[in-house]
Amino acid sequence: MVKRISAFFIFISLFISGTAWGTLHYYSGSMKSRFEMKHTYTIVVPAGLSSLTFFTTPPDNYSLPNNTQSITERNYTFSVTPSVEDYTDTYGNDFRKLIWTNPQQGTITVNVSYMVSTSSDWNKFVTTDKFPFDSSGLPDSITDYMKPTGEVQSDHPIFINLVNSLTVGLTTQWEVLKALNGWIMDNIYYGSNPYGYDALSTFALKYGNRANYAHIALAMVRGAGIPARITHGYSLHKSYSLPTG
């Protein structure tokens, strides 16, 4: 028997606007896009430094049933040339480590550019995978994303009771994810300088930034027994314009 593994990804944007809205729209159809991304990092180097290390996270190529991303024309330039090391962590995330030995006091500029081509088929985001999720026999690499952490208190009674109340009678993971996401959008508001970023603080405050949204979403999805992890990314300065009629 082949077991289908479903993992839900919580997207946390590195740049997000200062306002949020409470209307949810679920789209169907497909979309393709191509654009150039440019990053400029200016590093202030103090005097007397023997070594300076800076980490970047090169974007990945990937192909999934519902969306794909292709990165081409990668280019790195430096005002002061470093040594470069590439490595992958235990979660499969790729990093590029830039190292300067005995850098002079002043500034170092790192420029990164690349072209991004994406395609999405929103119809394929809808899944008929059954709920509750059957995790029996799955490897640790999947079940690790079902466990509570210090920032994601998914086993707390607050989230267990809330999730149970929101998922009564639901039989597919898609229905569950829509219900949980809808509650978050209706009850958590975007705001700056929260006193905590974990899921419980977010529930108490009813507002927070991108980290708060990600942590409370993880707590609720994991509380429903569905594997979920955070993935980082960038949003564009000008957002997509989509019809809502």
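The values are calculated or read from the model by the stated rules, or taken from the named source; none is laboratory data. Given the structure is predicted, the values throughout are model-derived calculations rather than measurements. Glycine also receives a Cβ, built like all others from the backbone with ideal geometry; neighbour counts cover every protein chain displayed. Keep in mind that these areas ignore ligands, DNA and RNA; they rest on the heavy atoms of the full protein, side chains included. Shrake-Rupley method; radii C 1.70, N 1.55, O 1.52, S 1.80 Å.
Couple of notes before you dig in:
- In the chain, helical runs assigned H by DSSP with n ≥ 4 each contribute -39500 (n - 2.57); averaged across all residues and rounded to the nearest 500, the mean residue ellipticity at 222 nm is -6000 deg cm²/dmol.
- Using alpha-carbon coordinates, inclination of helix 210-223 to the longest axis of the chain, degrees: 40
- More than 14 angstrom apart: percent of Cα pairs within the range 194-244: 60
- For the chain, a Gaussian network of Cα nodes joined below 10 Å ranks Gly182, Gly150, Gly225 by mean-square fluctuation, and the top entry is Gly150.
- Volume in Å³ per residue [convex hull over Cα atoms, computed for the range 20-151]: 214
- Cα-derived Rg over Rh, computed across the chain with Rh taken as Kirkwood radius: 1.00
- Its convex hull of Cα atoms gives the range 106-160 a direction-averaged projected area, equal to a quarter of the hull surface, of 9.3 nm².
- Max mean-square fluctuation residue, GNM over the chain, Cα-Cα springs under 10 Å, options Trp174, Trp100, Trp122: Trp100
- Hull volume per residue, based on the alpha-carbon atoms of the range 68-145 and their convex hull, is 171 Å³.
- Shape category assigned to the range 66-108 from the gyration tensor of Cα positions, a/c cut at 1.5: oblate
- The C-alpha atoms of the chain define a longest principal axis, and helix 157-166 lies at about 60 degrees to it.
- Kirkwood-type hydrodynamic radius, the range 158-245: 14.2 Å, calculated from all non-identical alpha-carbon pairs.
- Measuring how big the range 150-195 is from its alpha-carbon positions, Rg and Dmax come out at 12.5, 38 Å.
- FRET efficiency for the Gln104 to Met37 pair, using the beta carbon distance and R₀ = 30 Å, is estimated at 0.50.
- Residue order for His39, His156 - accessible surface, 1.4 angstrom probe, largest first: His156, His39
- For the chain, the longest principal axis of the C-alpha atoms and the axis of helix 173-187 are separated by about 70°.
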